[in-house]
Every structure is written in structure tokens, then in C-alpha cells.
Protein chains: 2
Amino acid sequence: MTYTIKEVAAKTNLSIYTLRFYDKQGLLPFVARNKSGYREFTEGDLNLLQTICCLKNTGMKIKNIRQYIEYVMAGPTTVELRLKLLTDHRLEVVAQQQKIQQNLAEVDYKINMYAAPNAETSVARELAFATAEKKANHLPNPYQMTK
Amino acid sequence: MTYTIKEVAAKTNLSIYTLRFYDKQGLLPFVARNKSGYREFTEGDLNLLQTICCLKNTGMKIKNIRQYIEYVMAGPTTVELRLKLLTDHRLEVVAQQQKIQQNLAEVDYKINMYAAPNAETSVARELAFATAEKKANHLPNPYQMTK
DNA sequence: TTAAACCCTAGACATAACTCTATGGCAAGT
DNA sequence: ACTTGCCATAGAGTTATGTCTAGGGTTTAA
């Protein structure tokens, strides 16, 4: 009817260490203990833990996840606060995704250059430009000139 | 004709500390020094630094960025190695973006729930389920029951 | 020629998020 | 009752990526 920390670790792909760490960080105030002090996870606890993982996987800081959990623990009156926290987070995630897309486009540009049949030629031209610039500024050439 | 570290910091939005840190990590072997030991950045150096920032902004580890830079320093014969490094990285970034999309979809589900007109009701129902489960397992109820 | 504003390095400190170690209690099977 | 394996905590250690401080040389401009 309940799960041990080991079982939860297996289900969630979090390590036992991480689960205890999250508990210590105040992310798991809903997890009960049995008479020996062992954690007992219910299905409902796993649902909440799943939400925690979603927030973590989208890059939310533990501090903010803790805030969310505190809202959950406080009951239905915090719905609006939860909504604001999640929508703010959503905006950050989307912005971050866009930033990565833009930077990845530049990486793709490089990839295309390197994948082109004349790649060595264009790279050699780039290198020639860089070394010429070093020379023009009376700076040593840091590149390995093979041949 | 060349830029000081301060000017480069202003251009790149990296701090002077970060630039020196990157140099210490072997990311800037191409940057020359003047007779006083001051760094002198050329335009070509800025191009390379821009690539470094792209890789960093897409989540590449410094260790791998250093590997890329080492390939660049070694000249045009490393084009294929550079290509492999970048395409491997690209795959990781895309996979990571997809993972985030999936997790964000779950966050969106929560957002929609909280944004619905009957949000408090459904949250109260969720809470009732969780507390009932705790009770059924003879565990204390960790939720703040207002009222 | 001196003050202000640069530049340098080495190395300490910071932060986040784990990860592990030491030590000891509890549980289940023989 | 013992052994094995699981559970607990406290707190030390790790990794990555900076950020800052101390101590000292350099450049510029009044």
C-alpha cells in the first residue's frame, strides 16, 4: 500500500541520496514516517513527486520548487499563487528554449560549413585571415601551422 | 585594432572574471599578450569567442568546448573531428529540448487546471484523495486543513 | 610624478545540486 | 539469536562554473 525509499528511487530514476536530499531541502514535507522513522510514500506522494520532477526537469531551482510545495501543503486557497508561480516558470522556460534555438542555429551554421565538400578550403581561408590579423598586429601566431 | 579584456567583456556580456576563467580553462589559447602580459583580442579572436558562447549557451561543458578549441588550433585537418563534436552536441541539445517540452507539457496541464474556473474545487478533490489515502494507511495528514 | 584606472596571477570563496561516508537502529529469514 | 540488507541522520566531499580578494605591475593624464 505504501512504498519504501528504495522502491520510489527505482520508480522515479532518482537516487536514494537525491530523495533524501530533496526531503532535507523541504521538497517532501508530505512524506510520512512509520514508527521506526522510515519514510512511507503513498500513491499521492508519488504524484506530487512527479510534479517536482517536471519542475526540476524544466530547470526550476529547488528553492522555487519548495515554494510551490509549500503552496500545495497550504491547501486550495493557494491556487492563484501556484498558478502565478507556474506561469512565470513557463515563460522562463520558453524564453530559455528560444535562446537555445538561436544559439543552436549558429552551431548549425558551423556544422554546415564543416559538412560542405569544400570545408577544408573554407577553414583554411578562415585560418589565413586570423593569422594575417595576428601578424598585422605584431602578435604571435597561436595556430599550429602544419606543413 | 585590438581589444582589451574590458572591451571584450562589454561586447560579449561575459564578465572580466569569466573571460579570465575561460582562459585559465584553456578556452582562449588564441588570445595573445602584449609586452606587459595584457591580453589583446583581435576580431578573429572575437569570432572564436562568439562560437564559444554559442556552445556554452547551448549547454556544452567547458571540457568539450576546450576540445573543440583544440581542434581549431590544430588547423584544417581537424574538420571532421570538429564536425563530429558539433553534430553530437546538436543531437544532445535537441534531445534535451524535447525532454523539456515533454515536461513542460505536464506543467501546462497543471497550469490549465489551476486556471480553470473550478480550480479550487478540483484542487480540493485532489487534496481529499491524498488525505484519505494517508488515513487509509494510518499515516498522519501533513496538509494544512484550513477550516 | 603621482593618482586613477587599468591590467595581471594565484588562490580563496560561493552556489547549486547532488553524492558519499560514518555510525547506528530495524526487519526478515535461517 | 545472527546475519544480511534496508533504513535513518549528520555532515563531509564532489563537480561545475563562476566570482572575488590580495598583492602587485602598467598606462594615462593632469
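Is it the case, given these coordinates, that B:GLY26 is away from DNA strand C (no atom under 11 Å from the Cβ), on the phi > 0 side of the Ramachandran plot, crowded, with 17+ Cβ neighbours inside 10 Å and small (Gly, Ala, Ser)? Judged against the criteria, B:GLY26 is not a match. Among the residues of the stretch B:1-13, just one is within 19 Å of the chain's Cα centre (by Cα) and closer than 16 Å to B:GLU43 by Cβ, namely B:THR12. Note on the stretch B:29-43: among residues that are within 11 Å of DNA strand C (Cβ to nearest atom), part of a loop (DSSP other than H, G, I, E, B) and surrounded by 13 or more Cβ atoms within 10 Å (Cβ to Cβ), the one that is nearest to the chain's Cα centre (by Cα) is B:VAL31.
In the set (1) out of contact with any His (no Cβ under 7 Å at 6 or more places or on another chain); (2) within 30 Å of B:ILE52 (Cβ to Cβ), the condition left unmet by A:MET73 is number (2). Annotation note: of A:ILE16, A:ILE62, the sole residue that is β-branched (Val, Ile, Thr), surrounded by fewer than 19 Cβ atoms within 10 Å (Cβ to Cβ) and either closer than 25 Å to B:ALA105 by Cβ or more than 25 Å from the chain's Cα centre (by Cα) (or both) is A:ILE62.
In this structure, is A:ALA32 more than 8 Å from DNA strand D (Cβ to nearest atom), within 14 Å of another protein chain (Cβ to nearest Cβ) and free of Cβ contacts under 8 Å to residues at least 40 places away in the same chain? Here the answer is yes, as A:ALA32 does meet what is asked. In the stretch B:95-103 there is no residue that is within 7 Å of another protein chain (Cβ to nearest Cβ), in contact with a Leu (Cβ under 7 Å, 6 or more places away or on another chain), among the hydrophobic types (A, V, I, L, M, F, W, C) and under 30 Å from A:PRO76 (Cα atoms).
Residue-wise test of (1) modelled with pLDDT of 95 or more; (2) within 22 Å of B:MET60 (Cβ to Cβ); (3) in contact with a helix residue (DSSP H, G or I) (Cβ under 8 Å, 6 or more places away or on another chain).
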residue	(1), (2), (3)
A:ILE52	yes, no, yes
A:TYR68	yes, no, yes
A:TYR71	yes, no, yes
A:PRO76	yes, no, yes
A:LEU81	yes, no, yes
A:THR87	yes, no, yes
A:VAL93	yes, yes, yes
A:ASN112	yes, yes, no
A:ALA124	yes, no, yes
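Report, by residue number, each residue of the stretch B:10-28 that is more than 10 Å from DNA strand D (Cβ to nearest atom) and either of a type in the set (A, V, I, L, M, F, W, C) or in a helix (DSSP H, G or I) (or both). Across the stretch B:10-28, the qualifying residues are B:ALA10, B:LYS11, B:THR12, B:ASP23, B:LEU28. Only one entry in A:LEU104, A:LEU46, A:LEU91 is out of contact with any Cys (no Cβ under 7 Å at 6 or more places or on another chain), within 30 Å of B:VAL94 (Cβ to Cβ) and buried (at least 19 other Cβ atoms within 10 Å of the Cβ), namely A:LEU104. The lone criterion from (1) more than 8 Å from every other protein chain (Cβ to nearest Cβ); (2) more than 29 Å from the chain's Cα centre (by Cα); (3) among the hydroxyl-bearing types (Ser, Thr, Tyr) left unmet by A:THR77 is number (1). Only helices (runs of 4 or more DSSP H) whose full extent lies in the stretch B:49-147 are considered here, and the ones with at least 3 residues that are more than 30 Å from B:ALA32 (Cβ to Cβ) and of a type outside the set (A, V, I, L, M, F, W, C) are B:79-115, B:119-136.
Determine whether A:MET1 is over 30 Å from B:THR58 (Cβ atoms), within 9 Å of chain B (Cβ to nearest Cβ) and touching a Pro at 6+ places or on another chain (Cβ under 8 Å). No; evaluated as a whole, the condition is false for this residue.
The values are calculated or read from the model by the stated rules, or taken from the named source; none is laboratory data. Not measured: the values here are computed from a predicted model. Virtual Cβ from ideal backbone geometry, glycine too; neighbours counted across all protein chains shown.
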